[in-house]
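What follows is a short report on a single structure.
The values are calculated or read from the model by the stated rules, or taken from the named source; none is laboratory data. Quantities reported herein were computed from a predicted structural model and do not represent experimental measurements. FYI the Cβ positions are ideal-geometry reconstructions off the backbone, even for glycines, and counts take in every protein chain you see. Ligands, DNA and RNA are stripped out before the accessible areas are found, and what is left, the full protein with its side chains, is counted by its heavy atoms. Shrake-Rupley method; radii C 1.70, N 1.55, O 1.52, S 1.80 Å.
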Amino acid sequence: MTRAPEPMVEIHRGPFVESQHMGHAVICDSTGGIVEAWGDPEAVVLPRSSAKMIQGLPLVMSGAAKAFGLGPDRLALACASHQGAPVHVQAVNTWLSELGLGDGDLICGTEASRDKELRFEMIRSDQSPCRVHNNCSGKHSGFLTLTKHLGAGSDYVDPSHPVQKSVREAFEEVTGAESPGYGIDGCSAPNFATTMHGMARAMAFFASAGARGDGMSQAAAQLVEGMIAFPDLVAGENRACTHLMRAAKEPVAIKTGAEGYFVAILPQRDMGISLKIADGATRASDCAIAALLVRLGVLDAQDPQVKRFLNPPIKNWDGLVTGEIRPVAGLSGLKTG
């Protein structure tokens, strides 16, 4: 039976609830069982960039990561939706150079840097954005590494390419179900669909991977370790993924995806979270994932790095605080009022 999305985030202005964001969320344990759920666990979704660690599994499982000497920083970058800041651009350029490749070998498309300082500097100096500035260039560098390892053709985003076929196989294995299909992501790679439960099950697999010895589990554990060790590479300054990982009271890997998607991997609890805001609003998904992690005791609601996403103020053009974004009562597990 289909269940409607539930209220998850409210926009308050003065004494009024001005707007409300609905969504779905699932928390799974290591068995794939649902611990808690909101909305419809069987809603079919495109996890977008929240699936990057799954897309990175073949890179490690194939032996490509080891063959090309990829350390945890490169694995974090393969899972990243980065800002295109100098630290990210330099890291991707170095990776490509070591592969004997360059910007033109990426198929992710050009994107202006999301780092305001670099973007304005490039505008002032009349520099055009490159593909390495694309937030997905780390993932695509991983795809290129696997492509080179397999000796496969250059069109690595084609769904019939060995890279994407191995991604789909891994995706269906960790989500526990055949994918009903895919959409083409903003970076031109296939993005495979699954259910909310399937994605939470996959994140719980990653969370509990360190306790198992098979190849896929070892690969998953390495990717999680890289993300936790290098939160700055996973996203960047002023981004929820990076700040919430830094603020966490225990090791946790947190990853956003476009259109209001978020996942979290909790290795010390063998638990995974999937979250989807139905209208795709990032302001709501940032707030809701923070609330769920506060609910579980992973984050402290009073930590300034947490509050900036859990309860960000709304200001008017004169800088006056006129309202607040906040999770619906009960979502964070905190008493309100």
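What the table below lists for this structure:
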| read-out | value |
| --- | --- |
| Cα Rg over Rh - the chain, Kirkwood | 0.97 |
| Length released on extending from Phe16 to Gln218, taking residue separation times 0.36 nm less the Cα-Cα span | 67.7 nm |
| Inter-label distance for Ala211 and Asp155, nm, one decimal - labels placed 7 Å from Cα along Cα-to-Cβ | 4.4 |
| Asp300-Lys315 pseudo-label distance in nm [points 7 Å out on the Cα-to-Cβ vector] | 2.5 |
| Accessible area in square angstrom per residue, the chain, 1.4 angstrom probe | 42 |
| Fraction of accessible area attributable to carbon and sulfur, region 202-303 (%, probe 1.4 Å) | 46 |
| Sites excluded, GluC sites (Glu not before Pro) in DSSP loops with at most 15 other C-beta within 10 Å, longest stretch of the chain | 43-177 |
| Centroid-to-centroid separation of region 266-337 and region 102-147 [C-alpha atoms, Å] | 30 |
| Per residue convex hull volume, Cα atoms of region 66-163, in Å³ | 91 |
| Neighbour cut-off at most 12 other Cβ (10 Å), DSSP loop, chymotrypsin sites (Phe, Trp or Tyr not before Pro), region 230-337 | Trp317 |
| Computed FRET value (nearest 0.05) for Glu36 with Ala177, which takes r as the C-beta separation and R₀ as 22 Å | 0.60 |
| Convex hull volume per residue in cubic angstrom - Cα atoms of region 148-254 | 136 |
| Solitary cysteines of the chain, where the nearest other Cys Cβ is not under 4.7 Å | Cys28, Cys79, Cys130, Cys241, Cys287 |
| Inverse mean reciprocal Cα-Cα distance (Kirkwood Rh) of region 154-214, Å | 12.5 |
| Links that overshoot a 28 Å alpha carbon limit, given the list Lys66/Lys249; Lys66/Lys276; Lys276/Lys315; Lys116/Lys315; Lys116/Lys255 | Lys66/Lys249; Lys66/Lys276 |
| Whole-Å semi-axes of region 293-336's equivalent ellipsoid (Cα gyration tensor) | 23, 12, 6 |
